[in-house]
Amino acid sequence: PRYCARNSAVMLGYIHGAPVVLGTATPSAESYHNALTGKYTLLEIKNRYSDAVLPHIKVVKKEKPGTIFEKYSLDVFRRELALSRKLIVLQNRRGYSPALICSDCKETVMCPKCSVPLAFHLEKKQLICHYCGYFEKSRSSCPKCGNENIYFRGAGTEQVEEELKRLFPGVPVYRMDQDSTRKKNAHDDILNLFGKPGPSILTGTKMIAKGLDFHDVSVVCIVNLDSELIFPDFRSDERAFQLTEQVAGRAGRGRIKGEVILQVFNDISPVIGYIEKHDTKGFLESELEMRRVTSYPPFSKLIKITMSSDKLPELRNAAMSLYHALVSKKTGCVIYRPAEKMILKVNNIFRLYILIKSLIINDRSGKKVRSLVSDTLKGHKLPSGIKTDIDVDPVDLM
């Protein structure tokens with residue numbers, strides 16, 4: 001079963017007549033809308049603990065795709081480390097590099113089981129798939145043409161760690177991601193080392209964005225914010241804003257005034273303007289207006305039907321057959337044609353999805369769209385080998 005823990009908690013509280021407290025510095029658009037319309041009670045904390053000042057946000061435009069850090073970022077790092085302060089560097093990709101490419105034929109080394117590139121992991125000297133777990137030894141030549149002039153595209157946490165150690169020899173650099181925290185107590189060990197007096201740097205994925213409370217962290221740097229803004233999902237802007245605000249909250253938690261450096265190629269994204277001003281309300285109001293115009297939650301109910309099979313032609317035919325069966329019911333719901341998931345194949349299984357949208361003004365409880373799906377699936381026989389997963393109020397469309 002698929003469920004949203006937040007919505008489940010709210011429903012459980014409703015059933016038992018118990019108050020439910022939803023606590024966050026970055027509420028979802030749906031929760032904020034519920035507060036504005038009186039479904040939730042909005043309680044605001046307008047000051048940081050101990051009257052700490054919100055960190056200054058500095059947007060730095062990235063000029064060269066091959067470089068990890070811009071000059072401004074490095075100058076700030078040197079200044080703060082010289083003052084025995086600590087830095088946090090967020091790169092929301094693990095491994096050394098997300099892709100290995102041939103400079104001659106432009107072939108990307110792909111996972112044989114998934115439609116994604118293999119990521120290079122320096123520590124293990126392996127090419128690893130982050131979806132199915134497939135791995136192989138690192139290559140020195142292109143598997144297609146044999147050319148030995150192959151290069152890495154993009155940087156993961158391992159490469160960021162390596163670059164920081166090269167740039168700041170003698171300064172302890174710690175990495176926190178899924179790979180470095182596999183061993184027992186590794187999470188606590190890394191944080192204890194980072195928390196020791198003196199200058200140090202912590203880099204990692206989004207697991208370093210929440211809950212850390214080190215008063216001598218003066219600077220947080222997000223290496224590449226663009227990667228959080230490009231996902232084909234109506235919630236991608238919201239997630240990027242939330243992640244940035246959450247990791248920004250790690251800086252300047254004590255008496256030291258904090259700074260957050262956002263390195264981006266696209267510095268004109270409207271989201272960045274709201275991030276610069278820590279304008280959560282402004283962002284949410286803008287996001288809700290966009291959702292209203294495009295009829296996405298909280299102004300509609302969604303159901304995502306994911307269909308999967310190891311045979312792509314049969315899967316496409318079955319998806320189109322189900323799509324036509326849904327459309328034939330003529331319920332007034334918006335039914336989108338079957339689309340490939342962002343990662344079409346995972347572990348040799350192909351995946352398509354059908355998105356169904358029902359406007360709140362016509363279907364406040366979502367009963368109409370739920371009945372449409374359940375009734376259609378009961379009366380529509382799918383070929384053997386086709387698996388269906390029903391996700392009501394999906395948290396993502398990827």
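Placing a label point 7 Å from the Cα of PHE135 along the Cα-to-Cβ direction, the residues of the stretch 168-195 with a backbone N closer than 16 Å are 177-184.
Spatial offset of the stretch 309-370 relative to the stretch 52-87 amounts to 45 Å, using the alpha carbon center of each. Only one item in (1) 19.8, 59; (2) 26.8, 80; (3) 23.7, 70 matches Rg and Dmax of the Cα atoms in Å derived from the coordinates shown, and that item is (3).
Ellipsoid semi-axes for the stretch 44-143, based on the Cα gyration tensor and the rule √(5λ), read 38, 18, 14 Å when sorted largest first. Multiplying the residue separation of CYS105 and VAL395 by 0.36 nm and subtracting their alpha-carbon distance yields 100.5 nm. For a straight C-alpha distance cut-off of 25 angstrom, the lysines reachable from LYS368 (same-chain residues fewer than eight places away being disregarded) are LYS39, LYS301, LYS304, LYS329, LYS330, LYS357, LYS378, LYS381, LYS387. Shown here for the stretch 71-150: trypsin sites (Lys or Arg not before Pro) in loop regions (DSSP other than H, G, I, E, B) with at most 15 other Cβ atoms within 10 Å, namely LYS106, LYS124, LYS125, ARG139, LYS144.
Simple spin-label estimate for SER328 and SER84 gives 7.7 nm between the two label positions (7 Å along the Cα-to-Cβ direction from each Cα).
The radius of gyration of the Cα set in the stretch 232-344, together with its Dmax, comes out at 20.2, 64 angstrom. Stretching the chain fully between ILE230 and LYS61 yields a gain of 59.2 nm (0.36 nm per residue, less the alpha carbon separation).
Read the figures in this text as sums done on the coordinates, not as results from a lab. It should be emphasised that the depicted structure is a prediction, and the values quoted were computed from it without experimental measurement. Using ideal geometry, Cβ is built from the backbone for each residue, glycine included, and neighbour counts are taken over all protein chains shown.
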